[in-house]
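The structure appears right after this line, and notes come after that.
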Amino acid sequence: MEIKNIKIKNFRNYKELELNFNKKINIFIGNNAQGKTNLIESLYVLGITKSHRTYNEKKLIKEGEDFLKISGIVKNENTKKELEILISNKGKSVKIDKNIIRKTSEYISNLVVVLFCPDDLEIIKGSPSIRRRFLNIELGQIDNNYLVHLNKYNKLLKNRNEYLKQNNERTIEMNFLEVLDKQIAEEATMLYNKRIKFIDELNIYIKKIYKKISNGDIIQIKYETNVDVKQEKLEELILKKLKSNIKKDLLFGTTTIGPHRDDFLFYLNNHKINEYGSQGQQRLAALCLKLAEIEIFIIKNNDYPILLLDDIFSELDEKRRCSVIEYINKGIQTFITATDINDIKKNILKNSDIYDVKEGIITKLK
């Protein structure tokens with residue numbers, strides 16, 4: 001997979017920008033707060049339709065403007081498509097080849113991106129909501145149907161929670177709730193099955209990669225849920241749980257079981273890495289998670305994703321840099337940001353286009 005160019009209008013500190021990209025390596029050099037991360041973010045938004053830095057999409061619009069637009073030509077072995085995303089005060093729209101796409105699930109996966117950034121550490125030690133978001137985004141890029149089921153589940157969950165808040169044990173209509181719960185259980189079962197399969201696949205690769213880089217330590221990802229997802233009759237079990245928890249759900253005005261409450265945790269040599277691991281071990285776990293993700297994308301899509309490396313080389317030691325560089329050398333199109341080129345190997349620089357970034361203006365140096 002390759003992104004040929006990008007056009008940006010009114011995004012962050014960019015008024016207007018158009019760039020053609022090297023199909024191998026593109027390096028953006030500059031001081032902090034000049035726009036390097038904003039460029040990486042624009043590529044991420046074009047692929048995912050969301051930012052990794054903010055939930056408020058209006059903050060992406062350049063100050064004083066009322067809309068932003070990002071577009072780019074994406075090419076893989078068989079196709080070439082123009083992707084476009086428009087965000088305004090009125091909402092968001094996405095297009096493929098000038099045609100409006102109504103469902104996000106039909107858009108995502110046309111530009112598959114794997115992002116490495118300093119905030120990746122939050123996947124390891126941050127809140128469960130951060131890990132669920134990661135899981136949903138990455139699974140959505142691999143499996144469009146996952147997003148279809150996730151959207152259905154979220155709508156049903158919203159309806160159930162609103163109903164719980166408006167009623168109590170005396171006023172609740174159990175027949176209505178049973179119909180709603182059956183639909184929720186169906187979608188939850190689909191989500192659980194896809195999540196567990198993805199975690200199992202991640203474990204295969206993350207164990208190999210971590211063991212290689214760390215000289216023998218064993219890492220494992222465990223899915224944490226209040227439902228026994230290994231049961232054969234999972235849908236029936238979810239229905240029973242929803243029914244048995246109804247008093248608790250009415251008390252709190254929310255649904256207390258389901259995929260929206262789950263988590264996944266990292267264990268290093270059978271100990272929780274977020275509690276017992278050092279900062280270096282946690283950072284290595286985050287790095288290996290992303291490297292494992294690349295392997296899965298390659299197998300599932302029979303193509304390489306695009307790598308976005310935002311200011312990570314200064315934080316990695318030589319061995320860990322080499323682990324990332326190994327993938328760059330495979331020919332994956334890569335975008336790198338750094339304050340200078342001292343932390344980047346000469347053989348990478350030799351095959352790169354290098355740009356200077358200053359106050360929202362990008363100038364090609366090489």
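The values are calculated or read from the model by the stated rules, or taken from the named source; none is laboratory data. What you see is a predicted model, and the numbers here were worked out from it, not measured in a lab. Here the Cβ is made from the backbone with ideal geometry for all residues, glycine too, and neighbour counts use every protein chain on show.
Summary table below
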| quantity | calculated |
| --- | --- |
| Residues (among the hydrophobic types (A, V, I, L, M, F, W, C) and more than 24 Å from the chain's Cα centre (by Cα)) located in the stretch 20-37 | I29 |
| Single condition I108 does not satisfy, out of (1) hydrophobic (A, V, I, L, M, F, W, C); (2) under 23 Å from E293 (Cα atoms); (3) in contact with a strand residue (DSSP E or B) (Cβ under 7 Å, 6 or more places away or on another chain) | (3) |
| Single unsatisfied condition, S214 versus (1) of a type in the set (S, T, Y); (2) under 24 Å from L147 (Cβ atoms); (3) in contact with a helix residue (DSSP H, G or I) (Cβ under 7 Å, 6 or more places away or on another chain) | (2) |
| Residue in the stretch 132-145 that is modelled with pLDDT under 95, closer than 24 Å to E295 by Cβ and outside the structural domain of L265 (by TED's automatic domain parsing) present | no |
| Residues being at pLDDT 95 or above and of a type in the set (S, T, Y) - total across the stretch 52-74 | 1 |
| Test: G216 is assigned to a loop (DSSP other than H, G, I, E, B) and either of a type outside the set (G, A, S) or modelled with pLDDT under 90 (or both) | yes |
| Tally, over the stretch 124-138, of residues that are surrounded by fewer than 20 Cβ atoms within 10 Å (Cβ to Cβ) and either over 26 Å from K300 (Cα atoms) or in contact (Cβ under 8 Å) with a residue 24 or more places away in the chain (or both) | 6 |
| Qualifying position, being crowded, with 16+ Cβ neighbours inside 10 Å, of a type outside the set (S, T, N, Q) and either closer than 30 Å to T79 by Cβ or out of contact with any strand residue (DSSP E or B) (no Cβ under 8 Å at 6 or more places or on another chain) (or both), among I299, I306 | I306 |
| I100 being out of contact with any Phe, Trp or Tyr (no Cβ under 9 Å at 6 or more places or on another chain) and either among the acidic types (D, E) or assigned to a strand (DSSP E or B) (or both) | yes |
| Condition met for I209 (in contact with a Cys (Cβ under 8 Å, 6 or more places away or on another chain), surrounded by 16 or more Cβ atoms within 10 Å (Cβ to Cβ) and either modelled with pLDDT of 95 or more or closer than 20 Å to N154 by Cβ (or both)) | no |
| Strands (runs of 3 or more DSSP E) within the stretch 255-366 that include 1 or more residues among the aromatic types (F, W, Y) and touching a residue at least 60 places away in the same chain (Cβ under 8 Å) | 263-268, 334-338, 352-358 |
| Every pair of residues 6+ apart whose Cβ atoms lie under 8 Å, when the first sits in the stretch 143-158 and is among the basic types (K, R) while the second is surrounded by 18 or more Cβ atoms within 10 Å (Cβ to Cβ) | K152/E187 |
| Hits in the stretch 1-18 - residues which are of a type in the set (A, V, I, L, M) and farther than 17 Å from L307 by Cβ | I8, L17 |
